[in-house]
Amino acid sequence: MRAIWKGAVSFGLVSIGVRLYSATEEKDIRFHQVHREDGGRIRYKRTCSVCGEEVTYDDIAKGYDIGGGEMVILTDADFADLPLTSSRAIDVLEFVPAEQVDPILYNKAYFLEPEGTATKPYVLLRDALIDSERVAIVKVALRQREQLATLRVREGVLLLNTMLWPDEIRTPDFGFLDEDLKVRPPELAMASSLIDSMTGEFEPDVFTDDYRAALQEVIDAKVEGREVVQPEEAEEAPAAAVDLMAALKASVERAKASRGEQPASGGGSGEPTPISSARSAQKAAEKKAAKAPAKKTAAKKTAEKKAAEPAKKTAAKKTTAKKAEPAKKTAARKTAPRKSA
(Lines give C-alpha, C1' and ligand atoms only; values in the text may rest on other atoms or scores of the structure.)
Protein backbone atom coordinates (compact mmCIF):
# COMPACT_ATOMS: atom_id res chain seq x y z
CA MET A 1 0.00 0.00 0.00
CA ARG A 2 1.05 3.58 -0.63
CA ALA A 3 0.52 6.33 1.94
CA ILE A 4 -1.77 9.07 0.63
CA TRP A 5 -1.37 11.50 3.54
CA LYS A 6 1.00 12.19 6.44
CA GLY A 7 0.16 14.01 9.64
CA ALA A 8 -0.33 13.59 13.36
CA VAL A 9 -3.09 12.62 15.74
CA SER A 10 -3.42 15.34 18.36
CA PHE A 11 -4.46 13.56 21.57
CA GLY A 12 -4.43 16.15 24.37
CA LEU A 13 -0.78 17.19 24.69
CA VAL A 14 0.34 14.06 22.89
CA SER A 15 1.10 14.15 19.17
CA ILE A 16 1.23 10.85 17.28
CA GLY A 17 2.82 10.90 13.83
CA VAL A 18 0.86 8.73 11.39
CA ARG A 19 0.64 7.78 7.73
CA LEU A 20 -2.77 7.41 6.09
CA TYR A 21 -3.66 4.51 3.76
CA SER A 22 -6.90 3.78 1.96
CA ALA A 23 -8.52 0.84 3.78
CA THR A 24 -10.80 -0.25 0.94
CA GLU A 25 -10.62 -0.78 -2.81
CA GLU A 26 -13.32 -1.21 -5.40
CA LYS A 27 -13.27 -4.51 -7.30
CA ASP A 28 -15.62 -3.39 -10.06
CA ILE A 29 -14.53 -4.30 -13.59
CA ARG A 30 -13.81 -1.07 -15.44
CA PHE A 31 -14.28 -0.48 -19.15
CA HIS A 32 -13.06 2.10 -21.66
CA GLN A 33 -15.34 3.71 -24.19
CA VAL A 34 -14.17 2.57 -27.62
CA HIS A 35 -15.19 2.83 -31.26
CA ARG A 36 -17.27 -0.22 -32.10
CA GLU A 37 -15.76 -0.54 -35.60
CA ASP A 38 -12.04 -0.59 -34.79
CA GLY A 39 -11.74 -0.57 -30.97
CA GLY A 40 -10.10 2.87 -30.83
CA ARG A 41 -10.31 4.74 -27.51
CA ILE A 42 -12.77 7.62 -27.32
CA ARG A 43 -11.05 10.83 -26.25
CA TYR A 44 -12.69 13.94 -24.86
CA LYS A 45 -11.36 17.43 -25.40
CA ARG A 46 -11.61 20.22 -22.83
CA THR A 47 -13.16 23.05 -24.82
CA CYS A 48 -14.47 26.43 -23.71
CA SER A 49 -18.19 26.95 -24.26
CA VAL A 50 -17.61 30.67 -24.99
CA CYS A 51 -14.68 30.80 -27.41
CA GLY A 52 -14.68 27.15 -28.47
CA GLU A 53 -10.92 26.76 -27.95
CA GLU A 54 -9.30 23.70 -26.38
CA VAL A 55 -8.09 24.52 -22.84
CA THR A 56 -5.06 23.04 -21.04
CA TYR A 57 -5.07 22.11 -17.36
CA ASP A 58 -2.93 25.15 -16.52
CA ASP A 59 -5.70 27.46 -17.76
CA ILE A 60 -8.49 25.76 -15.85
CA ALA A 61 -9.85 27.35 -12.67
CA LYS A 62 -12.78 26.53 -10.37
CA GLY A 63 -16.01 28.43 -10.84
CA TYR A 64 -19.01 28.82 -8.54
CA ASP A 65 -22.35 29.44 -10.26
CA ILE A 66 -24.29 32.18 -8.45
CA GLY A 67 -27.20 32.03 -10.88
CA GLY A 68 -28.34 34.31 -13.66
CA GLY A 69 -25.45 33.23 -15.86
CA GLU A 70 -22.87 34.74 -13.49
CA MET A 71 -19.84 32.79 -12.28
CA VAL A 72 -17.39 33.49 -9.45
CA ILE A 73 -13.91 32.25 -10.42
CA LEU A 74 -11.55 30.91 -7.74
CA THR A 75 -7.86 30.39 -8.50
CA ASP A 76 -5.19 28.32 -6.77
CA ALA A 77 -4.13 31.45 -4.88
CA ASP A 78 -7.60 31.72 -3.33
CA PHE A 79 -7.37 28.16 -2.01
CA ALA A 80 -3.79 28.69 -0.83
CA ASP A 81 -4.99 31.34 1.64
CA LEU A 82 -7.23 28.82 3.40
CA PRO A 83 -5.73 27.26 6.56
CA LEU A 84 -6.84 23.73 5.61
CA THR A 85 -4.27 23.25 2.86
CA SER A 86 -1.37 23.17 5.32
CA SER A 87 -3.20 21.44 8.16
CA ARG A 88 -1.68 18.04 8.93
CA ALA A 89 -3.43 17.34 12.21
CA ILE A 90 -6.15 14.92 13.24
CA ASP A 91 -7.69 16.73 16.19
CA VAL A 92 -9.48 14.54 18.75
CA LEU A 93 -12.61 16.41 19.90
CA GLU A 94 -14.30 13.89 22.22
CA PHE A 95 -14.85 10.19 22.93
CA VAL A 96 -18.33 8.68 22.56
CA PRO A 97 -19.90 5.18 22.64
CA ALA A 98 -19.72 3.59 19.18
CA GLU A 99 -23.46 2.80 19.12
CA GLN A 100 -24.26 6.53 19.28
CA VAL A 101 -22.78 7.08 15.81
CA ASP A 102 -25.38 6.39 13.13
CA PRO A 103 -23.81 4.20 10.40
CA ILE A 104 -25.42 6.38 7.71
CA LEU A 105 -22.84 9.04 8.58
CA TYR A 106 -19.86 6.85 7.64
CA ASN A 107 -18.20 7.65 4.33
CA LYS A 108 -14.66 6.32 3.62
CA ALA A 109 -12.23 4.28 5.70
CA TYR A 110 -8.46 4.70 6.12
CA PHE A 111 -5.80 2.81 8.05
CA LEU A 112 -3.40 4.75 10.26
CA GLU A 113 0.20 3.54 10.65
CA PRO A 114 2.54 4.98 13.31
CA GLU A 115 5.49 6.87 11.89
CA GLY A 116 8.98 6.85 13.33
CA THR A 117 9.06 6.98 17.14
CA ALA A 118 5.27 7.36 17.43
CA THR A 119 4.65 3.62 17.89
CA LYS A 120 4.35 3.71 21.70
CA PRO A 121 1.83 6.61 21.95
CA TYR A 122 -0.02 5.01 19.01
CA VAL A 123 -0.38 1.72 20.90
CA LEU A 124 -1.37 3.66 24.05
CA LEU A 125 -4.26 5.38 22.24
CA ARG A 126 -5.29 2.10 20.61
CA ASP A 127 -5.43 0.18 23.91
CA ALA A 128 -7.21 3.07 25.67
CA LEU A 129 -9.94 3.05 23.01
CA ILE A 130 -10.38 -0.72 23.43
CA ASP A 131 -10.57 -0.52 27.23
CA SER A 132 -13.03 2.38 27.25
CA GLU A 133 -15.19 0.87 24.48
CA ARG A 134 -15.35 4.31 22.89
CA VAL A 135 -14.60 5.87 19.50
CA ALA A 136 -12.86 9.19 19.07
CA ILE A 137 -14.65 11.98 17.22
CA VAL A 138 -12.06 13.94 15.24
CA LYS A 139 -11.68 16.63 12.60
CA VAL A 140 -9.26 16.23 9.72
CA ALA A 141 -8.48 18.15 6.51
CA LEU A 142 -8.25 15.85 3.47
CA ARG A 143 -8.12 17.05 -0.14
CA GLN A 144 -8.69 20.69 0.79
CA ARG A 145 -11.81 19.91 2.77
CA GLU A 146 -12.38 19.71 6.51
CA GLN A 147 -14.14 16.51 7.44
CA LEU A 148 -15.69 14.99 10.52
CA ALA A 149 -14.41 11.50 11.28
CA THR A 150 -14.11 8.78 13.91
CA LEU A 151 -11.11 6.85 15.18
CA ARG A 152 -11.69 3.25 16.20
CA VAL A 153 -9.72 0.03 16.38
CA ARG A 154 -9.90 -2.76 13.82
CA GLU A 155 -7.61 -5.79 13.99
CA GLY A 156 -5.08 -3.93 16.13
CA VAL A 157 -4.90 -0.89 13.82
CA LEU A 158 -6.43 2.56 14.21
CA LEU A 159 -9.09 3.07 11.58
CA LEU A 160 -10.14 6.55 10.49
CA ASN A 161 -13.72 6.71 9.17
CA THR A 162 -14.59 10.00 7.50
CA MET A 163 -18.21 11.01 8.00
CA LEU A 164 -20.81 13.12 6.29
CA TRP A 165 -21.93 16.28 8.03
CA PRO A 166 -25.41 16.07 9.57
CA ASP A 167 -26.87 18.55 7.06
CA GLU A 168 -25.74 16.22 4.22
CA ILE A 169 -28.17 13.51 5.34
CA ARG A 170 -31.53 13.75 3.61
CA THR A 171 -34.79 13.57 5.55
CA PRO A 172 -37.11 10.80 4.26
CA ASP A 173 -40.41 12.22 3.05
CA PHE A 174 -42.74 9.39 2.00
CA GLY A 175 -46.51 9.28 1.99
CA PHE A 176 -46.85 6.00 3.88
CA LEU A 177 -45.27 7.62 6.98
CA ASP A 178 -48.47 9.65 7.43
CA GLU A 179 -50.78 6.65 7.05
CA ASP A 180 -52.34 5.04 10.12
CA LEU A 181 -51.27 1.43 9.54
CA LYS A 182 -51.93 -1.09 12.28
CA VAL A 183 -49.92 -4.30 12.65
CA ARG A 184 -51.75 -7.10 14.41
CA PRO A 185 -49.96 -8.79 17.35
CA PRO A 186 -50.07 -12.26 15.68
CA GLU A 187 -48.40 -10.81 12.56
CA LEU A 188 -45.71 -9.16 14.67
CA ALA A 189 -45.14 -12.40 16.61
CA MET A 190 -44.84 -14.40 13.38
CA ALA A 191 -42.42 -11.84 11.91
CA SER A 192 -40.31 -12.08 15.08
CA SER A 193 -40.37 -15.87 14.76
CA LEU A 194 -39.11 -15.55 11.18
CA ILE A 195 -36.27 -13.29 12.35
CA ASP A 196 -35.35 -15.81 15.06
CA SER A 197 -35.33 -18.68 12.56
CA MET A 198 -33.01 -16.73 10.22
CA THR A 199 -30.66 -15.38 12.91
CA GLY A 200 -26.99 -16.25 12.53
CA GLU A 201 -23.44 -14.94 12.83
CA PHE A 202 -22.37 -12.47 10.14
CA GLU A 203 -19.50 -13.91 8.12
CA PRO A 204 -18.79 -11.55 5.20
CA ASP A 205 -16.45 -14.02 3.49
CA VAL A 206 -19.36 -16.33 2.59
CA PHE A 207 -20.92 -13.65 0.37
CA THR A 208 -19.63 -13.21 -3.17
CA ASP A 209 -20.22 -10.83 -6.06
CA ASP A 210 -21.87 -13.25 -8.52
CA TYR A 211 -22.39 -10.58 -11.17
CA ARG A 212 -18.71 -9.63 -11.23
CA ALA A 213 -17.67 -13.30 -11.42
CA ALA A 214 -20.04 -13.90 -14.36
CA LEU A 215 -18.80 -10.76 -16.13
CA GLN A 216 -15.18 -11.85 -15.65
CA GLU A 217 -16.07 -15.24 -17.15
CA VAL A 218 -17.47 -13.49 -20.23
CA ILE A 219 -14.26 -11.44 -20.59
CA ASP A 220 -12.02 -14.51 -20.11
CA ALA A 221 -14.04 -16.46 -22.69
CA LYS A 222 -13.65 -13.66 -25.25
CA VAL A 223 -9.89 -13.52 -24.60
CA GLU A 224 -9.58 -17.30 -25.05
CA GLY A 225 -11.90 -17.36 -28.06
CA ARG A 226 -14.43 -19.76 -26.58
CA GLU A 227 -18.18 -19.62 -26.13
CA VAL A 228 -19.72 -18.77 -22.79
CA VAL A 229 -22.04 -21.51 -21.53
CA GLN A 230 -24.95 -20.07 -19.63
CA PRO A 231 -26.61 -22.38 -17.09
CA GLU A 232 -30.26 -23.04 -17.73
CA GLU A 233 -32.59 -21.53 -15.19
CA ALA A 234 -35.48 -23.67 -14.03
CA GLU A 235 -38.84 -22.02 -14.46
CA GLU A 236 -40.70 -21.79 -11.19
CA ALA A 237 -44.42 -22.36 -11.06
CA PRO A 238 -46.30 -19.20 -10.08
CA ALA A 239 -47.18 -19.28 -6.41
CA ALA A 240 -50.77 -18.84 -5.35
CA ALA A 241 -51.66 -15.52 -3.75
CA VAL A 242 -51.50 -15.79 0.04
CA ASP A 243 -52.16 -13.36 2.83
CA LEU A 244 -49.45 -11.87 5.05
CA MET A 245 -49.80 -14.42 7.87
CA ALA A 246 -49.69 -17.36 5.45
CA ALA A 247 -46.59 -15.93 3.77
CA LEU A 248 -44.87 -15.47 7.13
CA LYS A 249 -45.73 -19.03 8.20
CA ALA A 250 -44.42 -20.40 4.92
CA SER A 251 -41.23 -18.36 5.29
CA VAL A 252 -40.65 -19.69 8.81
CA GLU A 253 -41.23 -23.25 7.59
CA ARG A 254 -38.79 -22.82 4.73
CA ALA A 255 -36.16 -21.23 6.99
CA LYS A 256 -36.38 -24.13 9.44
CA ALA A 257 -36.22 -26.66 6.62
CA SER A 258 -33.06 -25.02 5.25
CA ARG A 259 -31.45 -25.41 8.68
CA GLY A 260 -32.44 -29.07 8.84
CA GLU A 261 -34.95 -28.50 11.62
CA GLN A 262 -38.14 -30.52 11.88
CA PRO A 263 -41.35 -28.71 10.95
CA ALA A 264 -43.72 -27.71 13.69
CA SER A 265 -46.18 -30.28 15.10
CA GLY A 266 -49.29 -30.72 13.00
CA GLY A 267 -47.27 -30.33 9.83
CA GLY A 268 -48.46 -33.74 8.67
CA SER A 269 -52.13 -32.78 8.72
CA GLY A 270 -54.12 -32.80 5.53
CA GLU A 271 -54.46 -29.02 5.45
CA PRO A 272 -52.21 -27.64 2.68
CA THR A 273 -49.69 -24.93 3.55
CA PRO A 274 -48.64 -22.18 1.17
CA ILE A 275 -45.39 -24.03 0.47
CA SER A 276 -47.13 -27.38 -0.15
CA SER A 277 -49.68 -25.62 -2.36
CA ALA A 278 -46.89 -24.06 -4.39
CA ARG A 279 -45.13 -27.42 -4.70
CA SER A 280 -48.37 -29.10 -5.77
CA ALA A 281 -48.88 -26.40 -8.37
CA GLN A 282 -45.35 -26.91 -9.64
CA LYS A 283 -45.82 -30.70 -9.88
CA ALA A 284 -49.11 -30.21 -11.71
CA ALA A 285 -47.41 -27.86 -14.17
CA GLU A 286 -44.61 -30.38 -14.77
CA LYS A 287 -47.15 -33.20 -15.22
CA LYS A 288 -49.13 -31.09 -17.67
CA ALA A 289 -45.95 -30.24 -19.58
CA ALA A 290 -45.05 -33.95 -19.78
CA LYS A 291 -48.51 -34.88 -21.09
CA ALA A 292 -48.46 -32.22 -23.78
CA PRO A 293 -45.87 -33.97 -26.04
CA ALA A 294 -47.72 -37.28 -25.67
CA LYS A 295 -50.98 -35.65 -26.76
CA LYS A 296 -49.25 -34.03 -29.73
CA THR A 297 -47.75 -37.40 -30.76
CA ALA A 298 -51.14 -39.13 -30.52
CA ALA A 299 -52.79 -36.35 -32.51
CA LYS A 300 -50.06 -36.59 -35.13
CA LYS A 301 -50.56 -40.37 -35.48
CA THR A 302 -54.34 -39.89 -35.80
CA ALA A 303 -53.84 -37.25 -38.49
CA GLU A 304 -51.42 -39.50 -40.36
CA LYS A 305 -53.89 -42.36 -40.09
CA LYS A 306 -56.72 -40.21 -41.45
CA ALA A 307 -54.53 -38.99 -44.27
CA ALA A 308 -53.53 -42.54 -45.17
CA GLU A 309 -57.11 -43.87 -45.29
CA PRO A 310 -58.13 -42.17 -48.60
CA ALA A 311 -54.88 -43.34 -50.18
CA LYS A 312 -55.58 -46.91 -49.06
CA LYS A 313 -59.15 -46.74 -50.44
CA THR A 314 -57.89 -45.41 -53.76
CA ALA A 315 -55.28 -48.17 -53.98
CA ALA A 316 -57.93 -50.78 -53.14
CA LYS A 317 -60.19 -49.46 -55.91
CA LYS A 318 -57.35 -49.59 -58.41
CA THR A 319 -56.48 -53.17 -57.38
CA THR A 320 -60.12 -54.30 -57.67
CA ALA A 321 -60.48 -52.67 -61.07
CA LYS A 322 -57.27 -54.27 -62.24
CA LYS A 323 -58.44 -57.71 -61.10
CA ALA A 324 -61.78 -57.24 -62.88
CA GLU A 325 -60.21 -56.51 -66.30
CA PRO A 326 -59.40 -60.20 -67.26
CA ALA A 327 -62.92 -61.23 -66.34
CA LYS A 328 -64.34 -58.53 -68.61
CA LYS A 329 -62.11 -59.62 -71.48
CA THR A 330 -63.18 -63.31 -71.07
CA ALA A 331 -66.85 -62.36 -71.03
CA ALA A 332 -66.37 -60.27 -74.14
CA ARG A 333 -64.83 -63.19 -76.01
CA LYS A 334 -67.72 -65.50 -75.10
CA THR A 335 -70.27 -62.94 -76.16
CA ALA A 336 -68.67 -62.19 -79.57
CA PRO A 337 -70.37 -64.19 -82.54
CA ARG A 338 -68.36 -66.98 -84.06
CA LYS A 339 -67.38 -66.60 -87.69
CA SER A 340 -68.92 -69.14 -90.11
CA ALA A 341 -66.60 -71.70 -91.73
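Annotations for the structure displayed:
- Order of exposure, largest accessible area first, which applies to ILE66, ILE169, ILE16 with probe 1.4 Å: ILE66, ILE169, ILE16
- Taking each residue as 0.36 nm, the span from VAL153 to LYS222 lengthens on full extension beyond its C-alpha to C-alpha distance by 20.4 nm.
- Order of exposure, largest accessible area first, which applies to PHE11, PHE174, PHE202 with probe 1.4 Å: PHE202, PHE174, PHE11
- Computed lengthening from LEU177 to ARG145, 0.36 nm per intervening residue step minus Cα-Cα distance: 7.9 nm
- Amide hydrogen proximity for ASP91: with H placed 1.01 Å from N in the peptide plane, the residues at 5 or more positions away or on another chain lying under 5 Å are SER10, LYS139.
- Note that the stretch 1-127, at 10 °C in a medium of 1.306 mPa s, gets a Stokes-Einstein diffusion coefficient of 79 µm²/s from its Kirkwood radius over C-alpha pairs.
- Extension gain from LYS45 to TRP165, taking 0.36 nm per residue of separation minus the Cα-Cα distance: 39.7 nm
The values are calculated or read from the model by the stated rules, or taken from the named source; none is laboratory data. Computed from a predicted model, the values in this text were never measured in an experiment. Protein only, heavy atoms only, side chains kept; ligands, DNA and RNA dropped before computing areas. Shrake-Rupley method; radii C 1.70, N 1.55, O 1.52, S 1.80 Å.
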